[in-house]
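Right, one structure below, let's go through it.
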Amino acid sequence: MLAGAALTTSGGVKAQTAPERPFSIPAGRLGDALAAFGRQAGLQLAYRPDLATGKTTAGLTGPATPDAALRRLLAGTGLTYQLTSARTAVITAPAASVDDAPDADGSLVLSPIQITGAGGVSPADAPYVTPASTAHISAETIERFRGSSPADIFRGTPGVLSGEARNGAGAIDVNIRGMQGMGRVATTIDGAENAMTIYQGYQGVSNRTYMDPDLLGGVDIIKGSDAASFGVAGTVAMRTLNASDLVEDGRDYGVRVKGGFGTNTTKPSDNAQGGYSWPSWAGAPAVATPSSNGMDRPGFLEPSSGFGSAVAAVKQENYELIGGFAYRKQGNYFAGKNGGDGAKPVHTGPRTVCSSTGWCQGWTDYVENGGLTNYRAGEEVLNTQLETKSWLFKGTVRFDDDQSLQVGYTGFRADTGSQFASRLTDERSQPYQLALSSKTDLDTLTSRYRWAPADNPLIDLKANVYWSQLEVRGPNPVSYAVYKRGDFRPGSDTDMWGGEISNLSKLHLAYGDLDLTYGVAYRGEDTRPGKGTRAVMSWLDPRDAVRNEAAGFVKSSFKPVDWLTLNGGLRYTHFWSKDRNDPGEDWDRGYDYRVKRSEGGFSPSVGVTVEPLAGVQLYTNYSSTLRAPSIIEAATGFTMGVSPNVKPERSRNWEIGANFRKEGLYAADDKGMMKLSYFNWDVKNYISRHYTSYELNGALVSGMQIFNIDRAKFEGLKFSGVYENAGFKAEFTANYYLDVTFCRTADACESKSLYSDYSTNHVPPEYSLSLTASQEFWKTLTLGGRVQHVGKRAIGHGDATAQGMSQFIALVDWKPYTLVDVFATYKINEYFTANVGVENLTDKYYVDPLSLVLQPAPGRTFTASLTAKF
């Protein structure tokens, strides 16, 4: 809904001369007919919801221009319309009421209106009419549930999580249906990638993408492969703000200024320690000594963090400009107090305890930690501070109604806490505050071109190019103690660049409509040690490599009758990589170098959609998708080598689903939507990591190595549903895993993650539930909340065939938990809106899934903000 929108009455003539196309819209409710018209005509519609309430239409079958088709649908309804551009139509009542009277400048000011996408539905409704597993996160949702880190924006999205939510240095690491990292999920901001893999010792790696939620206009997610995307587990496409997000129709500029604060944080203190110091040997006193720091939690409403942003935009007939800046700063957060899972000493009496190396000690009174982590209930969680600065500049030029060019720049600077994961992987490790923080510098340039002649259905051309430069620096991970030597931080530098050209051709054939999307794509990555890093961390062998990947693709959608759609796709991908490390220096560490690699293959897909009734879709999709090794899996480094025989992964994915969408479900102006799907992913030659011994240059060597296991399998169910009526909205989502299996060989399959494999901490919860509800009062006040329940880990951990004396990657487990968040939005006047919220209302002590570090999540946190729009 968009309040107070102003739409000019001067329509575009060009849209009225568009060629005829076939329409098949049954008689019935006008709202349903308009949604179908929008999808079939490729137009965006804008109208007040009450205008369609209680009205019906005779429908439309046969060829017609969009102009003539809309005229026939509205016949007898008393409504009229304006084609305001080649792709936009505004529907109004002919008699001007007080609200609908034209202004002196000829513009028409409307009451709240319904905006549909070119497909006939809003972005929030699009997943419920898309015959695939998709999701949308709106800017409104991001604002309501700010969270304590960017990773929190994915909470409540079924089948989607972000790893390292509390130790990610202000980044996200998206996990879709159990698959994560190494390029399995293509994550972009305005079409550009900026992902970097951060070494975390034997504990694994973090795959980080950097962004600022305050500058996002929305997030669209595809779960599974798509012929037009590099992602094999899914695609996360984040869009930064556009001028249309700020400038209301009928105006030529817009300004948004936002400021707010949060609670439950404190300024970090160097050398602070947390939790308990536990007896380290059998003869020590059986006493766990609590830290003297960390229990001075501030008051519930005491401001201790802040955030703010300012964005301005200009929107003219032929060009748009937008620029903005966002800043946020918070200290270390405090864990929740409730639930009984905080660190606590428990005396167990006599016990024999053995280490992973086989050394055993007999304790007369062993003191174990009865909590999930070595942080006490309500304690300050160290190294979780965050300070970020972000910039956004974009300009769009429209040469005419058919062509546009957008160029943009985004900048991101972060100074954050970041605990080296290998230093905090069990409940007895004592956390400490690092003296040095981690720093991130990111700059991205993008350019996006579109040419879509309204009178030529064969051309809808899109071209996109980007370049990202990313520098990440952090404390030296070698030292176990608090480390500081001047201000030097080792790290990596990465350049990423790429582009895509695609075209959509719509063919109206004698036997049905055929849509063809085809194009080519390319991306490159060059990663290397930062200045001075190799000298300090030479034994860790920072990666130094370059990788390129190119693809060509075609997708088709054929609709022979109005109730049946047949989809197909084919993609060819080829990659090249070069390892610039010197193999002569490191052969004795168990590395087996293959300096250059080059591989490729095809990825076909097919799908069928049946629509037996209006608003009902039944669909089945299958894909066989190739994923070439990422730069991390194709080049040596991080104390591990790469098997010369590593093969690309081949994912065979099935999805069966159903969509339901209906207006007037129980009342005249309500709406209900549901989506249910079953997925079965079988990933052949899943790329893993293990500890192994083999012969190299005549010598037997041992070390960590990237290699292929036989396969990994992910199977589950997903449900989502929305109901809206008279300002009330409720959304329920659920995700359940029927099976997660890893097979070292074809005959050795277990529902357990493998020792030493990165996927150990990528395994998602067995099930998760989320219910969000809100109610609008007097069109100014909205009250709502969200309840989430996260179940236990989907599978166990263990590998009877593993080699070596330790697991190398420690399992970071969690217990099932329930979270409650509440929010309120009050529109003070047409310019000012206030938002307040409480996250983790019950102050639950819990550990996030998919973490590499054993530390709790934030406790009860209050946030408040004021937004001004002019």
Answer from LEU738, LEU717 - the residue that is outside the structural domain of ARG177 (by TED's automatic domain parsing), over 22 Å from ARG627 (Cα atoms), out of contact with any Gly (no Cβ under 8 Å at 6 or more places or on another chain) and not basic (Lys, Arg):
LEU717
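Going through SER756, SER688 one at a time, which residue ends up being farther than 19 Å from ASN653 by Cα, of a type outside the set (Lys, Arg) and either not in a loop (DSSP other than H, G, I, E, B) or not assigned by TED's automatic domain parsing to the domain that holds ASP670 (or both)? Steps first, answer last, please.
On the way: SER756 fails: either not in a loop (DSSP other than H, G, I, E, B) or not assigned by TED's automatic domain parsing to the domain that holds ASP670 (or both).
Going through SER756, SER688 in turn, just one is farther than 19 Å from ASN653 by Cα, of a type outside the set (Lys, Arg) and either not in a loop (DSSP other than H, G, I, E, B) or not assigned by TED's automatic domain parsing to the domain that holds ASP670 (or both): SER688.
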Among the numbered criteria (1) out of contact with any Leu (no Cβ under 7 Å at 6 or more places or on another chain); (2) of a type outside the set (Phe, Trp, Tyr); (3) crowded, with 24+ Cβ neighbours inside 10 Å; (4) closer than 19 Å to GLU471 by Cα, which single criterion is violated by GLU193?
(3)
Give the range 622-661 a look and list any residue that's in a strand (DSSP E or B) and surrounded by fewer than 19 Cβ atoms within 10 Å (Cβ to Cβ), or say none.
TYR622, SER624, ARG650, ARG652, TRP654, ILE656, ALA658, PHE660
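I need a count of the residues in the range 701-731 that are under 22 Å from GLY178 (Cβ atoms), assigned to a strand (DSSP E or B) and of a type outside the set (Val, Ile, Thr). Step through it out loud before you land on a result.
Of the residues in the range 701-731, the ones under 22 Å from GLY178 (Cβ atoms) are 706-720.
Going one step further and asking which of them are assigned to a strand (DSSP E or B), we end up with 706-708, 711-720.
When the remaining residues are screened for being of a type outside the set (Val, Ile, Thr), the result is 707-708, 711-720.
Total meeting the criteria: 12.
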Does GLY224 satisfy being touching an Asp or Glu at 6+ places or on another chain (Cβ under 7 Å) and outside the structural domain of GLN385 (by TED's automatic domain parsing)?
yes
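Return yes when ALA421 is assigned by TED's automatic domain parsing to the domain that holds VAL311 and closer than 26 Å to ARG208 by Cα and no when it is not. Don't jump to the end; show me each part of the working.
On the way: assigned by TED's automatic domain parsing to the domain that holds VAL311: yes; closer than 26 Å to ARG208 by Cα: yes.
So ALA421 passes the test.
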Go through the range 135-150 and count every residue that is crowded, with 24+ Cβ neighbours inside 10 Å and either within 11 Å of the chain's Cα centre (by Cα) or in the same structural domain as GLY615 (by TED's automatic domain parsing) (or both).
3
Which of the following residues is more than 28 Å from VAL763 (Cβ to Cβ), in the same structural domain as ASN567 (by TED's automatic domain parsing) and part of a strand (DSSP E or B): GLY218, GLY254?
GLY254
Would you please name the residue that is farthest from LEU811 (Cα to Cα), looking only at residues in the range 426-447 that are crowded, with 20+ Cβ neighbours inside 10 Å and within 26 Å of the chain's Cα centre (by Cα)?
THR446
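Find the residue count for the range 741-781, including only residues that are among the aliphatic types (A, V, I, L, M), within 20 Å of TYR846 (Cα to Cα) and free of Cβ contacts under 8 Å to residues at least 60 places away in the same chain.
Filtering the range 741-781 for residues among the aliphatic types (A, V, I, L, M) gives 746, 748, 754, 763, 769, 771, 773, 781.
Within this subset, residues satisfying the condition of being within 20 Å of TYR846 (Cα to Cα) are 763, 769, 771.
Cutting the leftovers down to free of Cβ contacts under 8 Å to residues at least 60 places away in the same chain gives us 769, 771.
Number of matching residues: 2.
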Taking the range 274-289, which residues are closer than 19 Å to LEU434 by Cα and buried (at least 18 other Cβ atoms within 10 Å of the Cβ)?
GLY274, GLY275, TYR276
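For the condition at pLDDT 80 or above, among the aliphatic types (A, V, I, L, M) and over 39 Å from the mean Cα position of the chain (by Cα), what is the one hit in ALA69, ALA132, ALA75, ALA95?
Details: ALA69 fails: over 39 Å from the mean Cα position of the chain (by Cα); ALA132 fails: over 39 Å from the mean Cα position of the chain (by Cα); ALA95 fails: at pLDDT 80 or above.
Testing whether each residue is at pLDDT 80 or above, among the aliphatic types (A, V, I, L, M) and over 39 Å from the mean Cα position of the chain (by Cα) leaves just ALA75.
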Within the range 327-373, residues being over 24 Å from PRO431 (Cβ atoms), surrounded by 14 or more Cβ atoms within 10 Å (Cβ to Cβ) and without any contact (Cβ under 8 Å) to a residue 60 or more places away in the chain number 1
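The values are calculated or read from the model by the stated rules, or taken from the named source; none is laboratory data. Note that the structure is a prediction, hence the values are computed from the model and not measured. Cβ atoms come from the backbone with ideal geometry, glycine included; neighbour counts cover every protein chain shown.
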